[in-house]
Amino acid sequence: MEGIISQETKDAVLSQADIVSVVSDYVQLEDRGNQWWGCCPFHHEKTPSFSVTPDKGMYYCFGCHEGGDVIKFVMEMEKVRFPEAIKILARKFGVEIKYSSGYVPRQEKPDDEKDLYIDLYNRVADMFHYGLLKTEAGRFALEYITKRGITMETIEKFKLGYSPSDRSWLKKFLRSKNFSDDFLAKSGLFSKKYPDIAFFSDRLMFPIFDRRGQAVAFGGRFLRGDPEKSPKYLNSGDLIQYKKGDTLYAFNFAKNSIRENKKVIFCEGYMDCVAYHQCGITYAVAPLGTALTDDQIKLVRGFVDTILLSFDSDGAGQAATMRAILMCRRQGLTVKIIRLHNAKDPAEIMVNFGAETLTNEVNNAILDSDYLLSFLSQKYQKDTPEGKSRFALEFFPYIDALQTDIQRESSLELLGRTLNISLEAIKKDFSNREDVKKRTLATHTESQAPIQNEVIVNAEFRAVLAVLSDTNQFELMQSRLSEDDFENPYARTLFSVLKECYESGDLSFVSVLNRCSHEGIKQKITESVSRGEFSKCTEQSIAESIWQLEVNSLKRKRKSILAQINSLQGQLSIPENQELMTRLFEQKKIVDEKINRKGLEYGSGAGS
């Protein structure tokens, strides 16, 4: 029979669970006598209308009218059923879980499956951690991470690890611990196509923890071998215990600091996040292999007034920043942008300039409106009527995302001053923005504004779509490219999805749609496949597209390196800058050689 949690357990949970403590894990609450108040986690608001009454053990929102007891709150916030909510609360408050008579709770019932996989991932995280710190095989990975400035204390805190190069070892070991093949097949730790082969091997491992500090997934960084044949990062796909779209890396470490500081940093990836924490900036978190999602923003919305964005300065990073600005503004949050100087990421600043410099960069973050106006000023000619019009069109979605009339009016005034245009004219174009957009884009269809929350279909995105018509070609694509090679964030996301499907052994159309969480990308996939858009693509044409993506990526890297070299001119009296300049010239030489080799592959002027 299926286990039924006893009424005694339910009553004990309701009597012992402190609803203020539970709700405070999700919402910033303020004590006002016999009630606590905060902004509702179920709808967008700036003025608190969400109340918690501890003596009655209930919550209620006067705005959206959501209410209930502590069990219902956990069910709603964690998206779990009643029995799992009881278990979560019982563990938190030390209540013994008792079942109805005749039930043996240790059987592997469906209700227990999530807990069993969490237990497995915690064990594997411990093994990887031991492999990094205590084995000869993991020594090179430990040397790599310490050379990047990461201390042993930080390694221990984040439980960084190393996955052995022997891809059959993990399955053999777990079998010896009485884990069944059927159970392991659904764990996400092994290839679906080759079930005895570990998904992660010979990589620096980053355990991903849930908000309670339990390991639920992994990210693995490539360290050695041919970088053109292995993706830089491999990430766990969605699992019974893990949904990457509503999880944030390091949130378990950051949540208290986020609550105290009333702000959060969304940064690019694992290493960026670890560097921020090591520098004492402990309210940093990171999305997990995909673009920032609304659910990830909702995780922190109840605690913060301000979101700080710390994404890369390349094209993909700029597009991700713009998209994140709109998403955060739609949820009523103030947004600032962290701009890093003389370094490509927080880890590099930490190593080359120290924690104080990184802290100063965070403290000098600029408002999103200033960031957008500066970016657009570089993109368009403000001294021409056409440039002014296109500048304004790309800024209008930001104004649309603002939540108050005062914010919109102030931003329209700011735009008018920037373009030296009257407020009346700016307001008129804003009111008729759809018509203005159609007229403007009719003659310039090639320059879609990346700030819009739409899928940008360019050559990069079309190249990734093309391999769906011949999935055998994806093996070539993933051996030559990584996520970092894509400037278009939507192409990058689709490539990541295809890579996960490829690694799992199921690169079918259905599998791709199931793993893709972006509705716009799914729509483009469906349209393309339905029309047979790439059905006549040859292997040669796809190979040429992949080659062109490689060349474009290398040219962007060279441009970024040259920008860093130029920024150091006049600052070479500082020894650290001299060392950095030397490394930059070495990097440029390597990139130049790769560009020249790519040019020779097709006998073209790729190196120009």
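The values are calculated or read from the model by the stated rules, or taken from the named source; none is laboratory data. Values in this document were obtained by computation on a predicted structure and should not be read as measured data. Glycine gets a Cβ as well: all are built from the backbone with ideal geometry, and neighbour counts include every protein chain shown. All accessible areas refer to the heavy atoms of the entire protein, side chains included, with ligands and DNA or RNA removed. Shrake-Rupley method; radii C 1.70, N 1.55, O 1.52, S 1.80 Å.
A few points about this structure:
- Neighbour net charge for residue 265 - beta-carbon separation under 12 angstrom, K R +1, D E -1: -1
- The simple Förster model, with R0 at 25 Å and r as the Cβ-Cβ distance, assigns residue 146 and residue 342 a FRET efficiency of 0.65.
- Inter-label distance for residue 178 and residue 533, nm, one decimal - labels placed 7 Å from Cα along Cα-to-Cβ: 5.3
- Rounded to the nearest whole Hz, the Karplus-based 3J(HN,Hα) values (6.51 cos²θ - 1.76 cosθ + 1.60, θ = phi - 60°) of the range 467-472 follow the sequence 6, 5, 7, 8, 5, 4, with x at glycine and proline.
- Taking only protein heavy atoms and a 1.4 Å probe, the accessible area of the range 303-356 is 43% carbon and sulfur.
- Here the contact order of the range 165-285, divided by its residue count and restricted to Cα pairs under 8 Å and six or more residues apart, works out to 18 percent.
- Taking all Cα pairs closer than 8 Å and separated by 6 or more residues, the relative contact order of the range 230-369 comes to 24 percent.
- Ligands, DNA and RNA are left out, and with a 1.4 angstrom probe the accessible area of the chain is 47 Å² per residue.
- Here r is the Cβ-Cβ distance between residue 186 and residue 25 and R0 is 25 Å; the resulting FRET efficiency, rounded to 0.05, is 0.30.
- Less than 5 angstrom separates the built amide H of residue 58 from those of 53, all sequence-distant by 5 or more or on a different chain.
- Phi to ³J(HN,Hα) by Karplus 6.51 cos²θ - 1.76 cosθ + 1.60 over the range 36-44, Hz, x for Gly, Pro: 10, 10, x, 6, 5, x, 9, 8, 6
- Gyration tensor over alpha-carbon atoms, the chain, equivalent ellipsoid semi-axes in Å: 40, 34, 25
- The stretch between residue 458 and residue 540 holds 27.6 nm of extra length on full extension. This uses 0.36 nm per residue minus the Cα-Cα distance.
- Charge dipole magnitude, Cβ of K and R +1, D and E -1 - the chain, Cα centre, debye nearest 20: 580
- Taking a ≥ b ≥ c as the square roots of the eigenvalues of the alpha carbon gyration tensor, the range 455-550 is rounded, as a/c is under 1.5.
- At R0 = 30 Å, FRET efficiency that the Cβ-Cβ distance of residue 513 and residue 66 yields, to 0.05: 0.40
- In Hz, Karplus ³J(HN,Hα) per residue of the range 541-546 (6.51, -1.76, 1.60; θ = phi - 60°; x = Gly, Pro): 5, 5, 4, 5, 5, 5
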